[in-house]
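Notes for the one structure printed next.
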Amino acid sequence: MARKSDIRELETVARELGMTEDQRWEFGDYVEQTKRSGERGSRSNGDFTYAELQALAQEFVGE
Amino acid sequence: MTTLLVDLGQPCHGTSGDLQGLRAYLVPLIGRPFRLVRMSYGDELTMHFGDLRLARSPKRIADLEYGSFILRARGSDWRLGSSSTRKLLVHYLGHEGSMPGGRSLTNQEVEELQGITPESRVVSASPFLMPPGRIGLEVTLSDGNVLLLLPTVDDPTQPACDDEHAATAASLPQIADWELLSPMGKLAAGPGPSWSYEPLSRAHCG
């Protein structure tokens, strides 16, 4: 079930780090692939908290 | 019949009263070949058309492909199916678990079972007004599949999650109901009865 709030959080984190449009689109897939690889977030459904998304964003732009 | 000149190098803003104008910015999608469906974070449907490229970003997604045209559902409800196959993928807010006649799919299963014939062409892309004042989108493919994007209001059933989430939720900016990224720019519909087009240089600056 798609949650706009999760997507809004992702967008906000991406904008905080000054990601380009392309990076923002790929960041969503990066987080999804992270989740599918077994690295689950702290929320009950395995999604990531805002702070965890921020940490993933730092990884994403740093790799 | 009128001939229009649409300048894809200039930004444009409109409302649901100008769906003809919005439709003009969807014309570049017509005729593009379908490439793939990918479910992104937040269970967001993305559909890729046109020429393919690899991810420009890090190693974890280095082998993911991206279309030159990407349609994103931004959390809106959607339907995808074909009368010839008699199968329908349905994704809508507020529904968890199974329902009579259907079964829940994982994101990977959605990607595998979406059923669109590779390289089938977009034959039409039509916006339409839906209550309460949102702009939906119907995309028809040459293999008979039809995608419907049906914007919803924000999720009212947010889980009782951590205090940090509650604190940030109210401050989060609104996002579009759906978006189309093309080599020329970004078309966004919503939230609500409005739409906008930003040419590539401005869109990429974020």
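The values are calculated or read from the model by the stated rules, or taken from the named source; none is laboratory data. Quick caveat: nothing in here was measured; it's all calculated off a predicted structure. Here the Cβ is made from the backbone with ideal geometry for all residues, glycine too, and neighbour counts use every protein chain on show. Accessible surface areas use protein heavy atoms only, side chains included; no ligands, DNA or RNA. Shrake-Rupley method; radii C 1.70, N 1.55, O 1.52, S 1.80 Å.
Observations
- For the criterion of being in a strand (DSSP E or B), surrounded by 15 or more Cβ atoms within 10 Å (Cβ to Cβ) and at pLDDT 90 or above, B:LEU129 fails.
- Look at the stretch B:130-141: where a residue is farther than 15 Å from B:HIS48 by Cα and a partner is charged (D, E, K, R), sitting 6+ places away or on another chain with Cβ atoms under 8 Å, you get B:ARG134/B:ASP177; B:ILE135/B:ASP177.
- Of residues in the stretch A:7-44 being more than 8 Å from chain B (Cβ to nearest Cβ) and open to solvent by 30 Å² or more (accessible area, probe 1.4 Å), the one nearest to B:ASP177 (Cα to Cα): A:GLU16
- Unmet requirement for B:VAL90, which otherwise passes all of (1) surrounded by 18 or more Cβ atoms within 10 Å (Cβ to Cβ); (2) at pLDDT below 90; (3) assigned to a strand (DSSP E or B): (1)
- Residue count for the stretch B:46-63, restricted to those that are modelled with pLDDT of 95 or more and either within 12 Å of chain A (Cβ to nearest Cβ) or closer than 18 Å to A:GLU11 by Cα (or both): 2.
- Some residue of the stretch B:20-39 being buried (at least 17 other Cβ atoms within 10 Å of the Cβ), within 10 Å of chain A (Cβ to nearest Cβ) and at negative phi: yes
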